[in-house]
Amino acid sequence: MRIYYFDMKDGAIARDTVGLRFPTTTAAIEHAKHLARRLRGDPWIGDPNLYIRVIDESGAEVHREHVYKGKSSAPASG
């Protein structure tokens, strides 16, 4: 199983330095979607630009899950 990291960005990046193990990239992306759903329900978090970046072991971004816009996207630079 590979380690995936789940960084959050809403102006500043909050780096995940521990990561979690998943058997596939798809499973890691599903985890990011679950995290986004949980964050959507948190009354203390309301930044419309908040997203979760899924980073693989090599440091490559494999997915970006927007928390509030309901969109997910492939890796993007920035």
Between Tyr68 and residues 5 or more places away or on another chain, which pairs have amide H atoms under 5 Å apart, with H built 1.01 Å from N, and which residues are they?
-> Leu50
So what are the ³J(HN,Hα) numbers for region 19-25, from phi and the Karplus equation (6.51, -1.76, 1.60; θ = phi - 60°), rounded to whole Hz, Gly and Pro as x?
-> x, 9, 8, 9, x, 9, 5
Along the charge dipole of region 2-73, which of Val54, Val67, Tyr5 sits closest to the positive end, that is, farthest toward it, with unit charges on the beta carbon of Lys, Arg, Asp and Glu (+1, +1, -1, -1)?
-> Val67
Report, in cubic angstrom per residue, the convex hull volume of the C-alpha atoms of region 2-73.
-> 84
Amide H partners (placed H, <5 Å) of Val62, local residues excluded | Val54, Ile55, Asp56
By count of other Cβ within 10 Å, fewest leading, how are Thr26, Thr17 ordered?
-> Thr17, Thr26
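Bear in mind that the values in this text are calculations on the coordinates, not laboratory data. Everything numeric in this text was worked out from a predicted model, so none of it was measured. Positions of Cβ are backbone-derived with ideal geometry, glycine not excepted, and every protein chain shown enters the neighbour counts.
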